[in-house]
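The values are calculated or read from the model by the stated rules, or taken from the named source; none is laboratory data. It should be emphasised that the depicted structure is a prediction, and the values quoted were computed from it without experimental measurement. Cβ: placed from backbone, ideal geometry, glycine included. Neighbour counts: every protein chain shown. Only protein heavy atoms, including side chains, enter the accessible area calculation; ligands, DNA and RNA are left aside. Shrake-Rupley method; radii C 1.70, N 1.55, O 1.52, S 1.80 Å.
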Amino acid sequence: MMVFLKEKLVFFATPKTASTSIEMALGTTCDIRISKVPNAKHTPYRKYQRMLEPFIMTLTGDEPDTVAVIREPIDWLGSWYRYRSRDELKGAKNSTAGVSFDAFVESYLSDSPQPFARIGSQAKFMSDKDGEVGMSHLFRYEDMDGLVRFLQNRLGKQIQLGRANQSPKAELTLSPNLRTELETALAADYDIYNRLRHD
């Protein structure tokens, strides 16, 4: 998470949406940067609204704009699956090494997911306590150019994104029935994602 006080803008680090690359490009120019502890770096909107926004508003004078990135939901899950298959996690409870994508998704959809499938959802990350999307500005992951243009205009500086935290390649084929079940479970995520196509 990064806070730009003069520009009255808060960037939310949605996991697995190039947030680390964006932080690397802008981290030295923001006024407040929360990055070392994953649970703090990836603060969801609901927790921000309750704990951080009141403090930030004492510095900005009024409510800052918020911006985040959302990824196609199954692609987002696939990125998590691939990221947790990396060699450094082998043997850990949250490793997906040796786990098929079908098995990963089945666990994700279960009432008691295995540690490797405890991920949450993008919709929950960016929604308030009433389930309404809290972000002032949202960009699709594949519209990174649009996000960069927005940030450049808002912050008044050129931005060059690098690449960081790239996940290993892996087979992401899902059985048709499981894909349908997953799309239903991620209906809120797809609603937000598809809405951006028309905004």
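Details
Conditions (1) closer than 18 Å to Phe11 by Cβ; (2) of a type in the set (Val, Ile, Thr); (3) touching a helix residue (DSSP H, G or I) at 6+ places or on another chain (Cβ under 8 Å); (4) open to solvent by less than 30 Å² (accessible area, probe 1.4 Å), marked per residue:
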{"residue": "Val133", "(1), (2), (3), (4)": "yes, yes, yes, no"}
{"residue": "Arg140", "(1), (2), (3), (4)": "yes, no, yes, no"}
{"residue": "Gly162", "(1), (2), (3), (4)": "yes, no, yes, no"}
{"residue": "Pro176", "(1), (2), (3), (4)": "no, no, no, no"}
{"residue": "Asp191", "(1), (2), (3), (4)": "no, no, yes, no"}
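- Residue in the range 122-129 that is farther than 23 Å from Arg84 by Cβ and either more than 16 Å from the chain's Cα centre (by Cα) or open to solvent by 30 Å² or more (accessible area, probe 1.4 Å) (or both) present: yes
- Some residue of the range 167-178 being small (Gly, Ala, Ser), under 18 Å from the mean Cα position of the chain (by Cα) and modelled with pLDDT under 95: yes
- Check on Glu106, out of contact with any Phe, Trp or Tyr (no Cβ under 7 Å at 6 or more places or on another chain), loosely packed, with under 13 Cβ neighbours inside 10 Å and in contact (Cβ under 8 Å) with a residue 12 or more places away in the chain: no
- The number of residues in the range 22-56 being aliphatic (A, V, I, L, M) and either open to solvent by 70 Å² or more (accessible area, probe 1.4 Å) or in a loop (DSSP other than H, G, I, E, B) (or both) comes to 4.
- One residue stands out in the range 12-21 among those that are in contact (Cβ under 8 Å) with a residue 60 or more places away in the chain and of a type in the set (A, V, I, L, M, F, W, C): the one that is least open to solvent (accessible area, probe 1.4 Å), namely Phe12.
- In the range 57-75, the residues that are assigned to a helix (DSSP H, G or I) and either of a type outside the set (A, V, I, L, M) or open to solvent by 50 Å² or more (accessible area, probe 1.4 Å) (or both): Met57, Thr58, Leu59, Thr60, Pro73, Asp75
- The selection criterion, being aliphatic (A, V, I, L, M), in contact (Cβ under 8 Å) with a residue 12 or more places away in the chain and part of a helix (DSSP H, G or I), holds for Leu151.
- Any chance Gly78 is among the small types (Gly, Ala, Ser) and open to solvent by 20 Å² or more (accessible area, probe 1.4 Å): no
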